[in-house]
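The values are calculated or read from the model by the stated rules, or taken from the named source; none is laboratory data. Remember, predicted model here, so these are calculated numbers, not experimental data. So basically every Cβ, Gly included, is an ideal-geometry build from the backbone, and we count neighbours across all protein chains shown. SASA here: full protein model, heavy atoms, side chains in, ligands and nucleic acids out. Shrake-Rupley method; radii C 1.70, N 1.55, O 1.52, S 1.80 Å.
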Amino acid sequence: MTEKYGHQHLGFLFRELFETDNEGITYKGKKYEWKDIVEISRGFGSLIQTIFMYGRRQEGATIALKDGQKIRINARVFTKAGETPKFGTSGFVTGESTAFSEVLDLLSRKTGIST
């Protein structure tokens, strides 16, 4: 089943980032198999960003692909197409949407790369 994911800003502006299906992901119109994902790293934004956000950290992740492309995910506004970002109990504290956690779990299972 194909799922579209992206960032939703201001509650209604959705910008698609990539699609997932059983074979892999589609990013910028190019199909990548699961084995084409070489690294998944989580981050918390820069120190300056943290200072300007009154100490709150900007959670996110970067997915590195075999051809050098990098997909950057903002955990707070990341969601499935047609949905608003949802937060579980831990997401309320960390700032990670449930879609962000689901995608990282999916990528980890399919690629064998731990996040």
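Observations, loosely collected:
- Residues in region 10-28 that are part of a strand (DSSP E or B), in contact (Cβ under 8 Å) with a residue 40 or more places away in the chain and open to solvent by 80 Å² or more (accessible area, probe 1.4 Å): GLU16 only.
- Residue match in region 86-98 (condition: open to solvent by 30 Å² or more (accessible area, probe 1.4 Å) and modelled with pLDDT of 90 or more): no
- Enumeration of residues in region 29-70 that are open to solvent by less than 50 Å² (accessible area, probe 1.4 Å), at pLDDT below 95 and in contact with a Phe, Trp or Tyr (Cβ under 7 Å, 6 or more places away or on another chain): GLN58, GLU59
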